[in-house]
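Q: Below is one structure. I have some questions about it.
Laboratory data are not the source of any read-out in this text; all were calculated from the coordinates shown. Everything numeric in this text was worked out from a predicted model, so none of it was measured. Here Cβ is always computed from backbone atoms with ideal geometry, including for glycine, and neighbour counts include all displayed protein chains.
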Amino acid sequence: MTKKNQDAALCSLLIQKLKEERHRNPQETKRTALRLALMAAIREGKVKPGERLPSESELARSLELSLGTVQSALGQLQDLGLIVRRRGDGTRIADAEPLGPNIWHFRFRVAATNRPLRLTQVKVEVLRTNERGPWSEHLGPGPYVVIRRRLTGDNINLGAEMYLPQRLINIDDIELSELEGVNLRICLEAFLGQRSHQANTLIAINHLSLRHAALFEMRPDNATFCVTACTSLGDGSPFYYQDIYAPSDLLILEI
């Protein structure tokens, strides 16, 4: 198949995926719909690692979106490490890119293939809590907003819980689809209009509690990486406390 035909086939697929996204959530932005449509195409193997996408202008024309919308959606996928954008080479599906400036702490590699884990599905839940825990030492007294995510890539489930002071963010202003398939730190920085400092990170290997195993559809009897990150905003005030859980028998932690 020629590159022109490949581009046309992918654009046709994305048109269908966009329709599905808009039917699933009519309130989500065009940028979010395109981001999630591309993630679905990657997850389903419709585009392979190393494959070049149509140009940004071709995507905009074929999908009847503005160039800015396409560029913004691709930028979010680049922040996640799912795609690579290089001047003169266009946009490709990521394969084995080094850690970039937007990925601060670490990256997981799949033990069976030694390739970077590519997260292609995210389920998000946002809630309020007054429960105290390890996060309280960094964030201070509650109430807190909790952003809980179940992440899937390469048929491996991971879990993440991010705690933020409720005074920072009104969860009624959050559209859940805006938190799917994004680098959450960058998304929240944009929401708050502030930049954050690099996190203090603690790494341990433990067994998951039954509660967390059920929440994230992971096995409680397996040894699990627990990566804890505490981050502050530019003015020194606490930003978030986050725990990420990942199976240590299936993944390699790259720092």
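Q: Going by average Cβ neighbours within 10 Å, how do the peptides 72-82, 166-176 rank, with the highest at the top?
A: The packing order, highest mean first, is 72-82, 166-176.
Q: Before anything else, pin down the relative contact order of the chain: Cα pairs under 8 Å, at least 6 apart, normalised by residue count, whole percent.
A: Dividing the mean separation by the residue count of the chain yields 17 percent.
Q: Full extension from N170 to K46: what is 0.36 nm times the residue separation minus their Cα-Cα distance, to one decimal in nm?
A: Extra length from N170 to K46 when fully extended: 40.9 nm.
Q: Which whole-angstrom value gives the distance between the alpha carbon centres of the stretch 212-227 and the stretch 117-191?
A: Each part's Cα centre sits 17 Å from the other's.
Q: Suppose each label sits 7 Å from its Cα in the direction of the beta carbon; what would the N206-K123 distance come out to in nanometres?
A: Those two pseudo-labels are separated by 2.3 nm.
Q: Can you compute the modelled spin-label distance between Q16 and D235, with each label point 7 Å from Cα toward Cβ, in nm?
A: 5.0
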